[in-house]
1. For Cα pairs less than 8 Å apart in space and 6+ apart in sequence, what is the mean separation divided by the residue count of the range 21-127, i.e. the relative contact order in percent?
2. Taking the Cα-to-Cβ direction at Leu64 and at Glu93 and moving 7 Å from each Cα, how far apart do the two end points lie in nm?
3. Out of the DSSP beta bridges found with both residues in the range 3-125, what percent are antiparallel (nearest 5)?
4. How would you rank 106-113, 24-31, highest first, on the average number of other Cβ atoms within 10 Å across their residues?
5. Quickly work out the Ser111-to-Asp44 label distance, labels modelled 7 Å from Cα along the C-beta direction, and quote it in nm with one decimal.
6. Mean residue ellipticity at 222 nm from the helices of the chain, using -39,500 (n - 2.57) per DSSP H segment of n ≥ 4 over the full residue count, to the nearest 500 deg cm²/dmol?
Amino acid sequence: MPLSGSVFFPKQELVNGEWIRKTGEVTGELVEVNGCLRLNTSHDDVSYLIIWPPSYTLNASGDLIQIRDEAGQVVAHVGEVVHMSGGETMSLEGIAGVNKQLLQEIPPECSGPYWISGGIISNGSVN
């Protein structure tokens with residue numbers, strides 16, 4: 001289910017036991033805007049809605065929003081600058097690992113462009 005509390009947390013689906021692992025990289029601040037987790041980049045001022053890896057989870061408690069990896073380790077939280085692998089897309093139509101149900105569940109305020117995340121490479125707090 002993409003919603004955790006009041007934060008939309010879309011994840012990729014496994015396709016034949018695998019998930020999309022694009023090779024691009026991007027750096028930006030992880031932010032929550034109108035219940036949508038976005039990556040605000042300093043390059044071209046792009047704000048991506050993140051489609052997370054299938055094994056990632058969201059832990060939202062009060063104002064603290066954390067992202068955990070497959071091992072349950074906190075890899076990022078809202079307000080941090082993160083370096084993430086993956087790739088960008090303007091539309092999720094026809095993307096492997098993004099099912100039709102997820103497309104229907106995306107709230108209007110969580111529009112693209114989208115970053116199909118391969119995971120967090122590194123993070124650091126915003127000063």
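Bear in mind these aren't lab numbers, they're just calculated from the coordinates by the rules spelled out. What you are looking at is a predicted structure, and each value in this text was computed from that prediction instead of being measured. Backbone-built Cβ (ideal geometry, glycine too); neighbour counts: all protein chains shown.
1. On the way: 214 pairs, mean separation 36.8, N = 107.
For the range 21-127, the relative contact order is 34 percent.
2. For the pair Leu64/Glu93, the computed spacing is 4.2 nm.
3. Values: 36 of 41 bridges.
Of those bridges, close to 90 percent are antiparallel.
4. Details: 106-113: 13.4, 24-31: 17.0.
Ranked from most to least packed, the peptides come out as 24-31, 106-113.
5. 1.7 nm
6. Details: 1 runs with 6 residues, N = 127.
That comes out to -1000 deg cm²/dmol.
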